[in-house]
Amino acid sequence: MIKKIDISKALKLNGVVAVLTYNDIPGLNGFGIAIQDQPVLCYDKVRYIGDAVALVACETKELLDKAIDLIEVEYEPLPVVEDPLKALEKDSPKVHENGNIHLHTKIDKGDIEKGFKEADLIIENEYRTGRQEHAYLETESGFAFYDEDEDLLTIFCGGQYPFRDQIQIARVLAIDPRKIRIIDEPMGGGFGGKDEITTQIHLALLAYHTKRLVKMEIERDESIVFSWKKHPMILRYKTGVKKDGTLTSNEIYIYADTGAYASLGGPIVNLAVEHSCGPYRVPNTHIEGFCIYTNNGVSGAFRGFGVNQVTFAMESQMDEIAEKLNMDPVLLRRKNILKKGDETGIGSKIETSIGLKKILDEIEKHPLYKDREKNKIDSSEYKKYGVGIAISYQGTGLGVGLPDYGACWIEMRRDGGFNVYSGSVEIGQQMKTTLKLIALEALKISDEDKVFIITGDTSITPDCGTTTASGATYRSRRAIEIASKKMIDILKKEVNEIFNIPTDEIKIEDGIFKNLNDEKITTYEDLAEILYDKRRLPKTEGHFNFPTSKTKIPGAFGLPHYIFSFSGAIALVEVNILTGKTNLIKAVNLIDGGRVINKIGFEGQSEGGIVMGMGYALMEDVIIKNGEFLVKNFSTYLIPTSMDSPYQIETIPIESFEELGPYGSKGIGETTMVPIAPAITNAIFNATGKRIKQTPATPERVFFALHKLPEK
Amino acid sequence: MREFEYYKVKNLKEAINLSKKFGKNKRFLAGGTDLIVRLKDNLIKEENIIDIKNIEELKGIKEVEDEIHIGSLVTFSEIIESDILKKYSPLIVEASKKVGSPQIRNKGTIGGNICNASPAGDSIPPLFCEDAKFFLESTNGSRIVNIEDFFKGPGKTILKEDEILVKIILKKWKENEFGFFNKLGQRNALTIAIASSCIKIKKSDGKIEDIKISLGSVSPTVIRAKKVENILRGLKEYKKDEIIKICDEVKEEIDPITDVRGSREYRIEVSKYLVFEALNNLLNIRG
């Protein structure tokens, strides 16, 4: 609780340009993608240690520390809400006035009691997952300036959705969003962590107040403390299954620690609920998801968006069922996988392409899986090898009822090339390369210099939705396709008018217009000159709405998804049974992303997904005790190095043709990571006979699963 | 970062004289892999930084009869590349390979690792097994101390205010000596040890004639597990169950803490297996 903020001493320090507090916010003192519950600058309460109380601008970076030390804030300590389960109790202290439950989703399908009665075996477990940090290449940073003559505020800052940042800033400054220009490129990495506001509003406030160029750079140890994390979840699963392996029922409770503010916690819990039964037919379900406020940092969007956690739980359940029924894990999954027209765990029908059968076929014949018993023979006395598998699915796009669209503008240039404007942004995933490949193909030319991709600037590109949910490539590609087709049609009409050849007799090969006898009529270059002289170089637009389901799930906003990507993983691990240290030796990722367009980009996503999934499985966890971060930078928050990565990584594309996708493709950014953690923990079980129910599977956790703590 | 005075010295005498002048209010800068990080985090209160990087007397690895002298400014990369050490003192080479990352090994020095006196210093356990001697110099002249007398606690040594570690003196290995170093970390590189163990064995006629066992990260300083050494010395037959039972005694000799890398309980339990794992690599343990 804030009792008093005194900035007078800091203001007197020579070289301090501005010190801003909540008093200096002209508009709404709040931000957040879903609800604006997070103060830009705190006024009554500080809800987590990364909350901002004052903003300081100095002439030099060195002065900042001194100025910050001079700001006096008087706090009255409040009880810390640490355990999400305790936060649910009636007498728990409240993080927000309305209570600690941000969202509670409940879904029933079939008859859960009947389902358990039909079951021959019931498996019940509690799982816990770690708090993963995105660990993007560059920390949040940017600069901003205000042009008084133009009345235009310009902000350069890495972000995943410049048009939403624009609105969030406008609300806080109480100015017209058109007076704000956001340029959010280039970026080294986002992984969901820059979907929400990072420094944008603070930069805007300072630039607006000081009328000067402002730079802000978050240091790594600050970034880890203030920024969003993957939700730690407690997952209670009770799964019923018949002797022959048919799943009958699933009773699931999901408790997600969203930290001090909501951000995207609600949609994340809903996605967890949607995917909680895995890509399986489960006729009877009762699923409840809780998104819970605590004082543990903040959780938000992160590659997988709630699906990593439930997949870890469900695939661990499946592995245990296979073991207890003495059934091959692939066979068990085969009996239950979703087929076109089946209902998911929340009762929505899947009507789009499903590559699951092919994924299981590939797993079954892969030597790493097929010869897994042979691999075990190589185990030494103290090092045990094991193979595990997992499969998963991931809804792409934002879901029902949420604006989800792609847009693109294409203009022909005087040199016969094209400028392609897209609102999707490059966040390190090769967006620009992919867009260029699509545009080259759609515009029927091969010269890379002839297509120039322009992205990530609210003043010159169309709004293309957020670069997230494995859908950016999909959205912008469809839009490019549509705009390109319009462009080609216009160009053919022009050729028809100028050369008097019927449009249906004109074909285009690599920028050359030809007639039916394959004779050259003209080229893009020559046509562009003619059109330029007439001052009518064409411009086209492509707009595209992300396909969504026709039905909605009552009580779960955004559900269900319509298009799903599927993936499977095989992991070979080595467990040192003397120490508990586990290494991932080999990994295979099988990904149904529809048709592959950018092969290097595809493999890059897959390999990155494996290593990030491995970090999630084995070592990554931001430890918070009593509201304090015990892990603040990369010396204590460990991510895999090249010495930890598997020495063999294989990516197998499973190309199920998605009719709705551009050139039959689907998004894969997230699904590449999701099955990795359970494949690894299932492999640990295969190696040691011990099941790890809490990630990360640190040496200590594996050790104490293998060796009992002696009684005191 | 706070402001500080920076001095670059050319020789040992200059460094010692400056140390005398500043007393406690100074830090030496060697590789800087630790000091620079702490300076940035405002963890260094001392106002004077004495850069000793250019002192020739502190450099180089030399053979001196049956000894090897390692200058305190020798980097881990130099140790790893050293033919002398590979031949006559391979344990320190193996341990140096586990230090940080290539960048840290290129800059970090063995003297810095020792004088930081972290219980997790990777180069220290092998030096305990080698019965290393430290050559120190101050305005009062020089002295040689045994490694076992050098460390006083985490970050604490017997070094006087004007004293500098000049070199580390090791005895060359004999033919019947073998050693093994194992470091347990949360990951395989660039990591601080959860626990580490180092063993040097002298075998004759199939029995353990002599053995030295040291452990890192499980006590306020790196320690020798002398109780376990005493039981193992003279052993001829290596039965698994018996050896594990002996290793269990290591619990009596350590006093670890709980931190983000691991709990006290884990460190206590895993230490015995680290020692066992090292022994398993050196002896033909059966059954």
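The values are calculated or read from the model by the stated rules, or taken from the named source; none is laboratory data. Since we're looking at a predicted model, the values are computed, not measured. Quick reminder, even Gly has a Cβ in these numbers, built from the backbone with ideal geometry, and neighbours come from all protein chains shown. Ligands, DNA and RNA are stripped out before the accessible areas are found, and what is left, the full protein with its side chains, is counted by its heavy atoms. Shrake-Rupley method; radii C 1.70, N 1.55, O 1.52, S 1.80 Å.
For the reader, a short list of remarks on this structure follows.
- Label-point separation, A:Asp504 to A:Lys94 (7 Å along Cα→Cβ), nm: 7.0
- Relative intensity, log₁₀ I(q)/I(0), of the stretch B:177-282 from a Debye sum that treats every alpha carbon as a point, q = 0.22 Å⁻¹: -1.15
- Separation between Cα centres of the stretch A:314-360 and the stretch A:572-612, rounded to whole Å: 21
- Here the Karplus curve 6.51 cos²θ - 1.76 cosθ + 1.60, taken at θ = phi - 60°, turns the phi angles of the stretch A:576-591 into couplings of 7, 6, 7, 10, x, 5, 10, 10, 8, 8, 9, 9, 10, 10, 10, 10 Hz, with x standing for Gly and Pro.
- Inter-site label distance for A:Glu364 and A:Asn545 at 7 Å from Cα along Cβ, in nm: 4.1
- Mean Cα-pair separation over length for the stretch B:181-256, i.e. relative contact order, pairs under 8 Å, 6 or more apart, %: 23
- Over all directions, the projected convex hull of the C-alpha atoms in the stretch A:1-113 averages 10.7 nm² in area.
- Theoretical ellipticity at 222 nm over chain A - DSSP helices of four or more residues, -39500 (n - 2.57) apiece, nearest 500: -8500 deg cm²/dmol
- In the stretch A:11-101, lysine pairs closer than 29 Å at Cα, eight or more apart or cross-chain: 9
- Cα pair distances in the stretch A:405-545, grouped into 10 Å bins until the bin that holds the longest one, percent each: 13, 43, 30, 13, 2
- In terms of its alpha-carbon gyration tensor, chain B comes out prolate; a/c meets the 1.5 threshold, and the first ratio a/b outweighs b/c.
- Spatially, the stretch A:416-464 and the stretch A:523-568 are offset by 13 Å when compared through their Cα centroids.
- Debye intensity ratio I(q)/I(0), log10, the protein assembly as shown, q values 0.08 Å⁻¹ (C-alpha model): -0.92
- Residues of type lysines that A:Lys493 reaches as a straight line, Cα spacing below 27 Å, ignoring anything fewer than 8 places off in the same chain: A:Lys436, A:Lys444, A:Lys450, A:Lys485, A:Lys507, A:Lys514, A:Lys520, A:Lys534, A:Lys539
- Hydrodynamic radius by Kirkwood, which averages 1/r over all alpha carbon pairs of the stretch B:5-51, in angstrom: 10.9
- Paramagnetic reach from B:Glu47 in the stretch A:39-69 [backbone N under 15 Å; point 7 Å along Cα→Cβ]: none
- Listed residue pairs exceeding 20 Å between alpha carbons, taken from A:Lys229/B:Lys40; B:Lys107/B:Lys133; B:Lys207/B:Lys245: A:Lys229/B:Lys40; B:Lys107/B:Lys133
- Shape call, the stretch A:350-488: gyration tensor on alpha carbons, a/c limit 1.5: prolate
- According to the Cα-based calculation, Rg over Rh for the stretch A:212-337 is 1.14, with Rh computed by the Kirkwood formula.
- Sparsely packed trypsin sites (Lys or Arg not before Pro) within the stretch A:536-603, loop by DSSP, other Cβ within 10 Å at most 11: A:Lys550
- Note on chain B: helix-only mean residue ellipticity at 222 nm, from DSSP H runs of 4+ residues weighted -39500 (n - 2.57) and normalised by residue number, equals -9000 deg cm²/dmol.
- Of all aspartates and glutamates in the structure, the ones whose alpha carbon falls short of 13 Å from that of A:Lys666, not counting any fewer than 8 places away in one chain, are A:Asp592, A:Glu655, A:Glu658.
- Placing R0 at 35 angstrom, the Cβ-Cβ distance between B:Lys239 and B:Lys97 gives a FRET efficiency of 0.65 after rounding to 0.05.
- Interface area, B with A, accessible, probe 1.4 Å, both sides summed, Å² nearest 100: 2300
- Here the stretch B:185-258 and the stretch A:73-142 have alpha carbon centers that stand 43 Å from each other.
- Dimensions (Å) - the stretch B:135-208, Cα atoms, principal axes, largest first: 48, 37, 18
- Computed from the Cβ-Cβ distance with R0 of 41 Å, the FRET efficiency linking A:Glu525 to B:Ile36 stands at 0.10.
- Spacing of the two label points (7 Å from each Cα toward its C-beta) at A:Ile623 and B:Asn146, in nm: 3.6
- Length-normalised contact order for chain B - Cα pairs under 8 Å, 6+ apart - percent: 15
- GNM result for chain B, Cα springs below 10 Å: residue of B:Val218, B:Val275, B:Val37 fluctuating most strongly: B:Val37
- If you plug the beta carbon distance of B:Glu265 and A:Lys9 into 1/(1 + (r/R0)^6) with R0 = 51 Å, you get a FRET efficiency near 0.60.
- Full-stretch length increase - A:Ile488, A:Asp149 - with 0.36 nm per residue and alpha-carbon distance subtracted: 117.9 nm
- Test item: A:696-702 mean partner chain Cβ contacts at 10 Å: 4
- Average beta-carbon neighbours from other chains, 10 Å sphere, peptide B:184-196: 6
- Here the Karplus curve 6.51 cos²θ - 1.76 cosθ + 1.60, taken at θ = phi - 60°, turns the phi angles of the stretch A:140-151 into couplings of 5, 7, x, 9, 8, 8, 10, 9, 5, 4, 8, 6 Hz, with x standing for Gly and Pro.
- Only Cα pairs under 8 Å and 6+ residues apart enter the sum, and on that basis the relative contact order of chain A stands at 15 percent.
- Partner shielding of A:574-581 amounts to 5, given as the average count of beta-carbon atoms from other chains within 10 Å of each residue beta-carbon.
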